[in-house]
Amino acid sequence: MIIYIDANIYLSFIEASKEGLKSIEKLIELLKNKTINVIIPEITEDEYYRNIPIICNSFISKLKLFLPQDPSFSISIIDKTTTKNIKKLYSDYKNELNSLKTNYLESVDRFTRDYFSKIISLSEKKEITDKIFQKAHIRKLKGNPPGKRKDPIGDEIVWELILDLNKDNNIIIVSGDGDWKDISTIQNEEKEQKINPLLLNEWNRTGTNKKIKLYSTIASFIKNEIKIPISKAIISDEVRTANQVKLTVSTLGYSIGTSNYITGVSGPTGLTGPMGSTGPMGSSDLQGPTGAMGSVSSFSSDRACPRCSAATDFIRRENIYDSFYLCPECGFVFK
């Protein structure tokens, strides 16, 4: 059995709780015991490191939303005790936010060192041959999944590599990306996912007698294939963080403007996002401004979230290529 794990799955554990890290700790244990064989193409490793700055920048930008305007007072009262106390409180608050930033960046380094690097050392590297790259390029030109038209070539290479391995191995793919799965049916994240019909047809067309399976999380893979009990809460948390990572990478990674879109929060001076900015007085009605290549806004609808069934104001992100929605209740991303 060969397992391929998508880069965004690894990235989702950067912000996981101690409880949420249990599934990736179990993965490392299985690798050490040689119970499983994980492959990591160089392109997947590159994607992980390429997207770390994007995720860190997103966190730092969120911290800026909590920073009020620097308090300033007229000269006539500037020496008063009250104003001095306010300035001290503001300075202390800024220092606490900076500590949060430092702690977060240190936690990212720690995850990479203690978890991701360890998985790399225990996994099997796979060379991408010219033949595989050429096939992936043709797939990209055709617009066939996996992979999105606006993304760099990546998933296409992985799939052609997987097809090249299918003669002798059962394959398991772990990815929450919609282009791997059959999105025409509602699927249970705790179970095996139904694979994209085109990909399954290609697999069967090779004449192999080996099986291919898809899971959306490492936790659900371990629970169903290795038969190790893992709670529903851990699986749900992994799905939620993976969706957040996908949203961050697909927006900030492709120059979509960001803004303060939290209900009822008024930006005091206008907050600068990584690729766009709010207006001069911020926003208090969920309406996001247009960024360099896109916008963020709220989306009210009678429709409920496909996952948690919440009827709420969804967060809409849009660019020149696509538009999609984020449920603020459970983090589910959908079109």
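Roughly how compact is the range 100-182, stated as its Cα Rg over 2.2 N^0.38 Å to two decimals?
Working: Rg = 16.3 Å, N = 83, 2.2 N^0.38 = 11.8 Å.
So the Cα radius of gyration is 1.38 times the expected 2.2 N^0.38 Å.
Give, in nm to one decimal, the length gained when the segment between Lys94 and Thr129 is fully stretched (0.36 nm per residue of separation minus the Cα-Cα distance). Write out the running numbers ahead of the final one.
Working: separation 35, 0.36 × 35 = 12.60 nm, distance 5.07 nm.
Computed gain between Lys94 and Thr129 is 7.5 nm.
Sorted by accessible area with a 1.4 angstrom probe, largest first, how do Thr241, Thr81 fall? Don't skip to the end; give the middle numbers.
Values: Thr241 10, Thr81 100 Å².
If we order Thr241, Thr81 from most to least accessible, we get Thr81, Thr241.
Just the Kirkwood number for the range 1-113, please: inverse of mean 1/r across all distinct Cα pairs, in Å, one decimal.
This gives a value of 17.6 Å.
With a point put 7 Å past each Cα toward its Cβ, work out how far Lys34 is from Asp182 in nm, to one decimal.
3.7 nm
Normalise the Debye intensity by I(0) for the range 126-265, one equal point scatterer per Cα, no solvent, then take log10 at q = 0.12, 0.13 Å⁻¹ and round to two decimals.
With no solvent term, the Cα-only Debye profile gives -0.58, -0.67.
What is the distance, in nm, between label points placed 7 Å from the Cα along the Cα-to-Cβ direction at Arg205 and at Arg110?
Calculated label separation equals 4.9 nm.
Between Ser121 and Thr102, what length comes free when the chain is fully extended (0.36 nm per residue of separation minus the Cα-Cα distance, one decimal in nm)?
Numbers: separation 19, 0.36 × 19 = 6.84 nm, distance 2.74 nm.
Separation in residues times 0.36 nm, less the Cα-Cα distance, equals 4.1 nm.
Hey, got a sec? Which GluC sites (Glu not before Pro) in the range 66-155 land in a DSSP loop and have at most 13 other Cβ atoms within 10 Å? Intermediate results must be reported in sequence, preceding the final value.
On the way: sites: Glu96, Glu106, Glu124, Glu127; in loops: Glu127.
Those satisfying the criteria are Glu127.
Sequence gap of 8 or more, or different chains, plus Cα separation below 13 Å: how many lysine pairs satisfy both in the range 137-245?
Taking the Cα cut-off of 13 Å, the pair count is 14.
The values are calculated or read from the model by the stated rules, or taken from the named source; none is laboratory data. Since the structure is predicted, the reported quantities are computational estimates derived from the model, not experimental observations. For neighbour counting, all protein chains shown are included, and Cβ atoms are generated from backbone atoms with ideal geometry for every residue, glycine included. These accessible areas exclude ligands, DNA and RNA; they are computed on the full protein's heavy atoms, side chains included. Shrake-Rupley method; radii C 1.70, N 1.55, O 1.52, S 1.80 Å.
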